1. Any idea what the dipole of the chain comes to, in debye rounded to 20, about its Cα centre with Lys/Arg Cβ at +1 and Asp/Glu Cβ at -1?
2. Output the Kirkwood hydrodynamic radius of the chain, Cα pairs only, in Å rounded to one decimal.
3. With the Cα gyration tensor of segment 67-155 giving a ≥ b ≥ c as the square roots of its eigenvalues, does the rule (a/c under 1.5 for rounded; else a/b larger than b/c for prolate; else oblate) give rounded, prolate or oblate?
4. Out of all DSSP beta bridges with both ends in the chain, state the antiparallel percent to the nearest 5.
5. Given the options Arg307, Arg392, Arg63, which has the most mean-square fluctuation in a GNM of the chain, springs set between C-alpha atoms less than 10 angstrom apart?
6. Taking amide H positions as placed 1.01 Å from N in the peptide plane, with prolines and chain starts having none, which residues 5 or more places from Thr240, or on another chain, fall under 5 Å of its amide H?
7. Which residue fluctuates the most in the chain, going by a Gaussian network model with Cα springs under 10 Å, if the choices are Gln270, Gln354, Gln69?
8. With each label point set 7 Å from Cα along the Cα-Cβ vector, what nm distance links Asp119 and Asp168?
Amino acid sequence: MTTVSRAAKFAERTARLRASTIREMLKVTQQPDVISFGGGLPAPELFPTAGIAEAARRVMELRGAAALQYSVTEGLSEMRRWVAERMTRRTGRIFEAEDVTIVNGSQQGLDLVGKIFLDPGDHVVMENPSYLGAIQAFDAYQARYLTIDTDEDGAIPESLERVLDRADPFPKFVYLVPNFQNPTGRTLARERRERIVRICERYDLPIVEDDPYGELRFEGADLPSLVSYESSAPILYSGTGSKIMSPGMRVAWLVIRDEEIREKIVLSKQGADLHSGTFAQYVFHEYVSDGAAFDAHVATIARTYRRRRDVMAAALNHIASDGLHFVPPSGGMFLWVTVSGIDTTELLRVSAEQKVVFVPGVSFYPARDVHDGMRLNFSNASEEMIRVGIERLGHAISTFKR
Ligand SMILES: Cc1ncc(COP(=O)(O)O)c(C=O)c1O
């Protein structure tokens, strides 16, 4: 009897779905003796558990059944107002609650962006390397990628111009992570920001500005968001509570001034999940409504991560290895290390034996053609664990080179 592969029944778009290296690795790293610099996990001891418990109690007391009921797709009006006010404060540009759609994690925002813009074979422009989860989200819509060259100051505007001049078909949007990028930790230089906005404006090309880490700045002044510039081309801003509060609550937001795009996003979201969790939104809003306390909470996270970054950078400086290169980031959760001549996917096998793991850089390149990078997360492990982990990594590198 011949068996027909079940794969034949799946939609074509599933053919490109691959298990994410990161998610797969998160499974491996559940063992307690493995030190993981792999996932992008916040420090769990900084989650405001008592504050959230109290907020949840108050929500049940004040809102009762409404907090457990269906609600509107756009999100709770309280949450939308809070996001609009915070965006206005951070960008100096006025945003209204109507501009805001609450989404189920910014990952859902990326999926919805893919859903409304991408037909099979369409081009998306992104930094090289770029956030793996964005590649995964757009892969599901059978996107193809055009990449912008980057340096320590982020995406290079001239490279973007070259890409756009040659693009065929012309891309649907540019996806950028301007602050403390995942995976490189790099920040797009101030002078490049407006240039990139103007280039996209010239081509009437939408920008998707993904900014989960902007509030986790360790030093220096905030730089203007891309969305803070007036532009005739749409700029879609994606923000999230994941890194400043809790990723498990899945409360995030898309801020879009263009009404037509916003409507498409809302309709797509309706088809996906009707709306984001009512209870989580109410609790989130209740917790952040004490603005001073919330700002203090975010400042504590940034201070803690700054120390962890310093510890990781100092430990890396102790690794005597030729060709090891890194620039400590000024914020966020990731430190990008390159070791010239080394394939870090191979290195991972050795380092996993030494009980330390990271994400090989190749996953973040849409063409999967650069092998010497690795992404190290410094937010999740304690300072002591970071010291031990980097020492193990040093051993792994020297064993691997031998
Ligand atoms: C650049 C970037 N965008 C989006 C996300 C997804 O975040 P969320 O938890 O809001 O879905 C992440 C998570 O690591 C990220 O690094």
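Read-outs throughout are calculated quantities, based only on the coordinates presented, and are distinct from any laboratory measurement. Keep in mind that this is a model prediction, so the values were computed, not measured. Note: ideal-geometry Cβ built from the backbone for every residue, glycine included; neighbour counts use all protein chains shown.
1. Charge dipole, the chain, about its Cα centre: 900 debye, nearest 20.
2. Kirkwood radius, the chain: 22.1 Å.
3. oblate
4. In the chain, approximately 60 percent of DSSP beta bridges are antiparallel ones.
5. It is Arg63.
6. Sorted by chain and number, the residues that satisfy this are Trp253.
7. The residue that fluctuates most here is Gln69.
8. So the two model labels end up 1.8 nm from each other.
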